[in-house]
Amino acid sequence: MHKPPRVALVTGGSRGLGLALAASLAADGWEVLTDGRDATALAVATRDHPGIHAVPGDVTDEGHRRALLAAADDLGDLDVVVNNASLLGPSPQPALADYPIDVLESVYRTNVVAPLRLLQLALPRLNPGAAVIAITSDAAREPYAGWGGYGSSKAALEQLTAILAAERPDLRVYAVDPGDMNTRMQAEAFPGEDISDRPPPEDSVPGLRRLVDGDLPSGRYEARALAPAPAVTP
């Protein structure tokens with residue numbers, strides 16, 4: 001009997017960690033639904049990855065969120081939802097005393113409200129034991145100067161994730177810190193700095209795959225701490 005493909009929804013798949021994870025899943029035969037605000041960049045990034053289904057749009061838009069779930073319905077019930085799309089905020093990042101409130105509201109809409117609303121729409125479509133993953137940051141826990149907007153939004157996302165885990169013991173619910181990565185967002189967070197020594201986002205994917213493919217309990221994890229140790233050659 002033919003086994004139906006596993007289905008994942010990964011937001012923010014036009015670049016960085018979202019694209020790396022989506023490509024990894026698609027290479028293993030998953031059907032992966034992803035999105036991005038820049039339709040052209042999303043199409044270019046995903047065109048060479050059979051199995052990735054791109055739906056351009058902004059996760060803060062309710063119409064787009066519903067379109068994402070409608071596209072998911074065409075693929076089948078969801079085995080994984082990864083809330084990866086994020087908004088950094090101003091670059092360079094300002095002190096809280098100078099933080100524009102309208103921008104802070106945008107950061108929270110993207111990093112907190114949109115992930116929760118997407119999950120509200122996705123929950124009825126999740127298979128038993130499905131994984132729900134929120135991509136977070138060490139800035140959610142460490143009080144770095146200048147990170148009041150992004151860091152506090154990720155702290156709120158972590159708390160929502162922990163509460164969902166308590167409310168839904170039938171699911172595997174994870175907050176995952178991927179660590180520093182050589183990405184455009186990292187470059188924007190540290191303008192003028194050389195970030196070429198940061199690992200590529202692909203280095204965080206094995207840890208994420210352990211959560212996706214395994215049965216670890218709900219909780220907060222660091223992706224690179226989960227990655228299998230490299231094989232030692234004699």
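The rows are residues; the columns are (1) more than 23 Å from residue 19 (Cβ to Cβ); (2) surrounded by fewer than 20 Cβ atoms within 10 Å (Cβ to Cβ); (3) among the basic types (Lys, Arg).
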site	(1), (2), (3)
67	no, yes, no
89	no, no, no
94	yes, yes, no
97	yes, yes, no
105	yes, yes, no
128	yes, yes, no
133	no, no, no
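Could you look through segment 184-202, keep only residues that are free of Cβ contacts under 8 Å to residues at least 40 places away in the same chain and assigned to a helix (DSSP H, G or I), and pick out the one that is nearest to residue 85 (Cα to Cα)?
First pass over segment 184-202, keeping only residues free of Cβ contacts under 8 Å to residues at least 40 places away in the same chain: 186-187, 190, 192-199.
Within this subset, residues satisfying the condition of being assigned to a helix (DSSP H, G or I) are 186-187.
Values: 186: 14, 187: 16 Å.
Within segment 184-202, the match that is nearest to residue 85 (Cα to Cα) is 186.
If you go through segment 126-164, how many residues are in contact (Cβ under 8 Å) with a residue 24 or more places away in the chain, under 20 Å from residue 98 (Cβ atoms) and over 17 Å from the mean Cα position of the chain (by Cα)?
Result for segment 126-164: 5.
Go through (1) of a type in the set (A, V, I, L, M, F, W, C); (2) out of contact with any Ser or Thr (no Cβ under 6 Å at 6 or more places or on another chain); (3) under 15 Å from residue 21 (Cα atoms) for residue 205 and report which single condition fails.
Failed condition: (2).
Quick one: would you say residue 167 is within 19 Å of residue 113 (Cα to Cα), without any contact (Cβ under 8 Å) to a residue 60 or more places away in the chain and of a type outside the set (A, V, I, L, M, F, W, C)? Even if it seems obvious, please write down each step before you answer.
Values: within 19 Å of residue 113 (Cα to Cα): yes; without any contact (Cβ under 8 Å) to a residue 60 or more places away in the chain: yes; of a type outside the set (A, V, I, L, M, F, W, C): yes.
It is true that residue 167 is within 19 Å of residue 113 (Cα to Cα), without any contact (Cβ under 8 Å) to a residue 60 or more places away in the chain and of a type outside the set (A, V, I, L, M, F, W, C).
Considering each residue of segment 170-180, count those that are closer than 21 Å to residue 114 by Cβ and out of contact with any strand residue (DSSP E or B) (no Cβ under 9 Å at 6 or more places or on another chain), and give that number.
Selection size over segment 170-180: 0.
Conditions tested, residue by residue: (1) closer than 21 Å to residue 59 by Cβ; (2) of a type in the set (A, V, I, L, M, F, W, C).
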residue: 117; (1), (2): yes, no
residue: 127; (1), (2): no, no
residue: 145; (1), (2): no, yes
residue: 154; (1), (2): yes, no
residue: 158; (1), (2): yes, no
residue: 166; (1), (2): no, yes
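Could you please let me know if residue 43 is hydrophobic (A, V, I, L, M, F, W, C) and either over 29 Å from residue 162 (Cβ atoms) or surrounded by 18 or more Cβ atoms within 10 Å (Cβ to Cβ) (or both)? Can you show your working first?
Values: hydrophobic (A, V, I, L, M, F, W, C): yes; either over 29 Å from residue 162 (Cβ atoms) or surrounded by 18 or more Cβ atoms within 10 Å (Cβ to Cβ) (or both): yes.
Against the criterion (hydrophobic (A, V, I, L, M, F, W, C) and either over 29 Å from residue 162 (Cβ atoms) or surrounded by 18 or more Cβ atoms within 10 Å (Cβ to Cβ) (or both)), residue 43 qualifies.
We did not get these values from a lab; they are worked out from the coordinates using the rules stated. Given the structure is predicted, the values throughout are model-derived calculations rather than measurements. Cβ sites come from the backbone with ideal geometry, for glycine too, and all protein chains shown count toward neighbours.
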